[in-house]
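Here's the structure, in C-alpha cells; my notes come after.
The values are calculated or read from the model by the stated rules, or taken from the named source; none is laboratory data. Bear in mind the structure is a predicted one, so any value in this text is a computation, not a measurement. Here the Cβ positions follow ideal geometry from the backbone for every residue, glycine too, while neighbour counts run over all protein chains shown. These area figures cover heavy atoms from the full protein model, side chains too; ligands, DNA and RNA do not enter into them. Shrake-Rupley method; radii C 1.70, N 1.55, O 1.52, S 1.80 Å.
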Amino acid sequence: MNILFIGDVVGAPGRRALEELLSKLVDHHFIDLVVANGENAAGGLGITPLIADQLLGQGIDVLTSGNHIWKHKEIIPYLEATDRLIRPANYPPETPGRSFTVVETAAGEAAAVINLEGRVFMSPLECPFRTVDKILEAIPKEVKVILVDMHAEATSEKQAMGWFLDGRVSAVVGTHTHVQTADERILPGGSGYITDAGMTGPVDSVIGMKKEIILERFLSQLPQPFKVATQNIQLQGVILKIDAQGRCREINRVHQSLKS
C-alpha cells in the first residue's frame, strides 16, 4: 500500500497547491490513501466545513488536525457528523469529533488514522502516550495499517512517540511546525518516522505567514495580524510504502513546487 501524507495545508495557497498537484502525485506514485493535516487550511488558521469538503473532494481521504481545529466554531457540528476529519485524541472525552478513523483505501484494504497532540510548549492535555495505547486496543486486530499524526511543537516529544510506537503502527508522522525535516527513517521495529512532514503552502514566508509581519512582531514585540504569504508555493509531505503486515518498507519526502 502506498500512502501520501501531506504536511499542514496553509490557507488559499496550500489549497491551490493541492488542486493543481495532488492528482498528478496520486497517479504517478500509485497512491492508495491520501491523508493531510488541514488545521490551517482556512486563512492560515483553522478549517471550515466548506473548505473541508473542498479538500476531501480533491482526493484527500482523511484530514487530521491539531490545536487550531477549534478556530471556526461552525466546524464543531461538522466534526460530529464526519469520520473523515478527525481531531487530536487526547482532548477530554466530551470533546466533539472523532480521535481516529478506519477507512477503506483504494487498494480495498482497511487503514486506521490516529491524531495526537503534544503537550510540550502546548496545552496541558491528556497524555498522548497513554491515550494512543487505549486507541490501539480499540482498533480491530485485522487492521494492519495504522498511521499516526503526531501534532507537536517539540522534536523530542515527536521522537519519543516514534520510539514508543515503533513496531505497533505503520508510521508516525510529525506535524505542526511547518518545516520539513530531513530525518525520515524506518525504525528497528518497522515503523516509518519523520519529525515533521512540512507545510503545503508558501515557502517564502515564516511558517506560512508574510515574513515582513512576523519580523515586525519579533522586532517590536507588538501584536501583528497574521496574513498568509503567497510566494514560492510547495506541496510537502511524505510517501510511505507499507507491506501487508503493516510494516513500513519505504519513506520518502515530497517537496513539489507549484509553477507560477
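What residue, among those in the stretch 2-55 that are in contact (Cβ under 8 Å) with a residue 60 or more places away in the chain and open to solvent by 30 Å² or more (accessible area, probe 1.4 Å), is farthest from Gly174 (Cα to Cα)? Write out each step before concluding.
Keep residues of the stretch 2-55 that are in contact (Cβ under 8 Å) with a residue 60 or more places away in the chain, which gives 2-14, 16-18, 20-22, 25, 29, 31-33, 35-37, 39-40, 43-45.
Those left that are additionally open to solvent by 30 Å² or more (accessible area, probe 1.4 Å): 12, 16, 20, 29, 32, 43, 45.
On the way: Ala12: 22, Arg16: 23, Glu20: 24, His29: 22, Asp32: 20, Gly43: 22, Leu45: 18 Å.
Once the filter is applied, the top-ranked residue is Glu20.
Going through the stretch 157-173 one residue at a time, which ones are assigned to a strand (DSSP E or B) and in contact with an Asp or Glu (Cβ under 9 Å, 6 or more places away or on another chain)? Spell out the reasoning first.
Of the residues in the stretch 157-173, the ones assigned to a strand (DSSP E or B) are 166, 169, 171-173.
Result: Val172, Val173.
Take Gly118 and decide whether it is under 17 Å from the mean Cα position of the chain (by Cα) and free of Cβ contacts under 8 Å to residues at least 40 places away in the same chain. Working first, answer last.
Values: under 17 Å from the mean Cα position of the chain (by Cα): yes; free of Cβ contacts under 8 Å to residues at least 40 places away in the same chain: no.
Answer is no for this residue.
Can you confirm whether Pro93 is surrounded by fewer than 19 Cβ atoms within 10 Å (Cβ to Cβ) and closer than 22 Å to Leu116 by Cβ? Please lay out each step first, then the result.
Values: surrounded by fewer than 19 Cβ atoms within 10 Å (Cβ to Cβ): yes; closer than 22 Å to Leu116 by Cβ: yes.
Judged against the criteria, Pro93 is a match.
Residues in the stretch 66-90 that are open to solvent by less than 50 Å² (accessible area, probe 1.4 Å) and of a type in the set (Lys, Arg): how many?
1
List the pairs whose first member sits in the stretch 150-170 and is closer than 12 Å to Phe129 by Cβ and at pLDDT 95 or above, whose second member is basic (Lys, Arg) and part of a helix (DSSP H, G or I), and whose Cβ atoms are under 7 Å apart, counting only residues at least 6 apart or on separate chains?
Met150/Lys158; Ala152/Lys158
Scan the stretch 133-156 for residues that are more than 16 Å from the chain's Cα centre (by Cα) and either of a type in the set (Ser, Thr, Tyr) or assigned to a helix (DSSP H, G or I) (or both) and jot them down. Spell out how you get there, then give the answer.
Filtering the stretch 133-156 for residues more than 16 Å from the chain's Cα centre (by Cα) gives 133-145, 156.
Within the stretch 133-156, Asp133, Lys134, Ile135, Leu136, Glu137, Ala138, Ser156 qualify.
For Lys158, indicate whether it is more than 26 Å from Glu20 (Cα to Cα), basic (Lys, Arg) and surrounded by 18 or more Cβ atoms within 10 Å (Cβ to Cβ). Steps first, answer last, please.
Details: more than 26 Å from Glu20 (Cα to Cα): yes; basic (Lys, Arg): yes; surrounded by 18 or more Cβ atoms within 10 Å (Cβ to Cβ): yes.
Criteria met by Lys158.
So how many residues does the stretch 174-195 have that are in contact (Cβ under 8 Å) with a residue 40 or more places away in the chain, assigned to a strand (DSSP E or B) and surrounded by 15 or more Cβ atoms within 10 Å (Cβ to Cβ)? Talk me through it step by step, then tell me what you get.
Initial filter on the stretch 174-195 (in contact (Cβ under 8 Å) with a residue 40 or more places away in the chain): 175-176, 178, 180, 182, 184-186, 190-195.
Remaining after also requiring assigned to a strand (DSSP E or B): 175, 185-186, 192-194.
After this cut, where a residue has to be surrounded by 15 or more Cβ atoms within 10 Å (Cβ to Cβ) as well, the list is 175, 186, 192-194.
Within the stretch 174-195, residues that are in contact (Cβ under 8 Å) with a residue 40 or more places away in the chain, assigned to a strand (DSSP E or B) and surrounded by 15 or more Cβ atoms within 10 Å (Cβ to Cβ) number 5.
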